[in-house]
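Reviewing the structure listed below.
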Amino acid sequence: MISQTSEYALRAGVFLAARADDTPASAQEISEAVKVPVGYLQKILRMLSRHDILTAQRGSGGGFALAKVPSAISVLDILRASDTQVARIERCPLGIKGHTRLCSLHRMLDAEMARAERTFASTSLADLLDGEGGVRALCDPAGRLPVTISAGRGNAKKKKG
């Protein structure tokens, strides 16, 4: 359902949302933190910038930052910006001519897809940060906590070790 590009875009968004300040991060810094090849990530970051999810600054001290507060950027915003659409079932997927309406199975499946779309729309980057015990990076299977979050974005603190 979620492409690799969209997963990488979400990783980058969560990383930037967890930063203690609004200073831009370089593509290299983001790449190392989220475990995505820098060349591929640069394309994704530019795509997110074109969709007003990130801002990009050139030059010394430049890089990428969130264009809005984390609570104003939904998972669905990032999915759409990275060309992932939630597939809805609007007509018979089997192409049967007499099926002018969805059968009960396809109606149920479409209802679940609609629910997933609503969940993505109502889940912000800030929601992905708010977890018991702090941030769990999307790319860290060991569950190490590179950042802990207190109340509000400006209170993120980097953990040592």
*Modelled label-to-label distance, residue 43 and residue 108, 7 Å Cα→beta-carbon offset: nm?*
4.0
_18 Å Cα-Cα reach of residue 43 towards aspartates and glutamates, excluding residues that sit fewer than 8 places from it in its own chain_ = 7, 29, 32, 52, 77, 83
*Order the peptides 16-25, 74-83 from the highest to the lowest mean number of other Cβ atoms within 10 Å of their residues.*
74-83, 16-25
_Per-residue HN-Hα couplings for region 75-88 [Karplus 6.51, -1.76, 1.60; θ = phi - 60°; Hz; x = Gly/Pro]_ = 4, 4, 4, 5, 4, 5, 5, 9, 6, 10, 10, 6, 6, 9
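Any read-out appearing in this document is the output of simple, stated calculations on the displayed coordinates, not a laboratory observation. Everything quoted here is computed from the prediction, not taken from an experiment. Glycine gets a Cβ as well: all are built from the backbone with ideal geometry, and neighbour counts include every protein chain shown.
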